[in-house]
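First up is the structure itself, then whatever we jot down about it.
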Amino acid sequence: MKHLLKLMDLSTQEITHLLDLGDQLKYMQSHHIPHRRLEGKTLGMIFQKSSTRTRVSFETGMYHLGGTALFLSSRDLQIGRGEPVEDTARVLSRYLDGIMIRTYQQAEVEALTQYGQIPVINGLTDFCHPCQVLADLMTIREYKGDLSGLKVCYIGDGNNMANSLIVGCLKMGMKIALATPAGYQPAPQVLQFAAQHPNDFSLCQNPLEAAQGAHVVFTDVWASMGQEEETAKRQEVFAGYQINHQLLEHCAPDVMVQHCLPAHRGEEITSEVFEQHAKEIFDEAENRLHIQKAVLVELMS
Ligand code: CP
Ligand code: NVA
């Protein structure tokens, strides 16, 4: 593994290895066992969108590993004034040992790898959110013991989270059912990948149908970063796409609820369901730290 751009690029073995390493690093941290595997290394973190979890978990992770992280907001970088990404990549390669980037276009992340000489990590694009779904898989494995054969359902927008979740689940031998409104389906290249797994993948418009017997239920915001002006329209389109008690009755009795956060209570999830499943949702948020440390060690040590 040279970069983490999207889960499609990773094999089942590579994902399993990252999950195992994430578990080990979590154990070491909780038992105060030093794990300074990136002593003296520097990660640059370019943010063109807001972040709480991604920024803080990468920055803290680098500190635990003995390295340093630099927060580089596009508001302050020359990139924000039009310096091309190919020049930025070549410059940053001279200073840093790795780059994490959160931006809009997936092509921009891929361009960094072409012009730079250091590992690149995708911290979210409009297309996908691989770090989040690695943390999600780690959390599900913690709770359920084994991933293979579990049924995941995703209710809501066919966005970056849906795209990564489909690929991550199918690569790990899980079943995934999605319910999205017409016109808000996952990306065509993800649907093409899913078509190779006809027994494990389904896409419909009815949330109750997708939820049938699910062991894990996911949702995400109705309007993602960059879609703020569509908020009112999306509130109408997505009105029936909510994780609530009625939906959970159609799932397996010990169903787990996952949300990448930030959550909008009363929209994609009710406040009651969110609070009842808060333990597993915040374990999921915590695991961002551990799995990203695994990614950093894998790519930068
Ligand atoms: N889930 C997630 O990526 O959170 P942030 O946007 O706060 O980084
Ligand atoms: N789909 C959301 C995920 C946030 C972590 C967004 O892109 O804003």
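One table, with the values for the structure above:
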item	result
Residue match in the stretch 261-271 (condition: out of contact with any Lys or Arg (no Cβ under 7 Å at 6 or more places or on another chain), of a type in the set (Lys, Arg) and at pLDDT 95 or above)	yes
Out of PHE201, PHE218, sole residue that is within 14 Å of ligand 2 (Cβ to nearest atom) and within 13 Å of CYS169 (Cα to Cα)	PHE218
Residue check for LEU38: closer than 27 Å to LEU92 by Cα, touching a residue at least 24 places away in the same chain (Cβ under 8 Å) and surrounded by 16 or more Cβ atoms within 10 Å (Cβ to Cβ)	yes
Out of LEU247, LEU208, sole residue that is touching a His at 6+ places or on another chain (Cβ under 7 Å) and either within 20 Å of PHE274 (Cβ to Cβ) or among the basic types (Lys, Arg) (or both)	LEU208
GLU86, sole failed condition from (1) surrounded by fewer than 16 Cβ atoms within 10 Å (Cβ to Cβ); (2) under 29 Å from ALA223 (Cα atoms); (3) touching a Gly at 6+ places or on another chain (Cβ under 9 Å)	(2)
Residue satisfying all of: in the stretch 1-55; part of a helix (DSSP H, G or I) and β-branched (Val, Ile, Thr); nearest to the chain's Cα centre (by Cα) among these	THR54
Checking GLU59 against (1) under 30 Å from ALA278 (Cα atoms); (2) more than 15 Å from ligand 1 (Cβ to nearest atom); (3) free of Cβ contacts under 8 Å to residues at least 24 places away in the same chain, the condition it does not meet	(2)
Residues of the stretch 225-248 satisfying the condition of being under 15 Å from GLY183 (Cβ atoms), within 12 Å of ligand 2 (Cβ to nearest atom) and not in a helix (DSSP H, G or I)	GLN227
Flag for MET62 being at pLDDT 95 or above, part of a strand (DSSP E or B) and under 17 Å from ARG288 (Cα atoms)	no
Single residue of the stretch 101-133 satisfying the filter (closer than 15 Å to LYS293 by Cα and in contact with a Leu (Cβ under 6 Å, 6 or more places away or on another chain)) that is surrounded by the fewest Cβ atoms within 10 Å (Cβ to Cβ)	PRO119
Of all residues in the stretch 137-182 being without any contact (Cβ under 8 Å) to a residue 40 or more places away in the chain and surrounded by fewer than 19 Cβ atoms within 10 Å (Cβ to Cβ), the one that is farthest from HIS277 (Cα to Cα)	ALA182
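The values are calculated or read from the model by the stated rules, or taken from the named source; none is laboratory data. Since the structure is predicted, the reported quantities are computational estimates derived from the model, not experimental observations. Because the Cβ atoms are built from the backbone with ideal geometry, glycine has one as well, and the counts that use them run over all protein chains shown.
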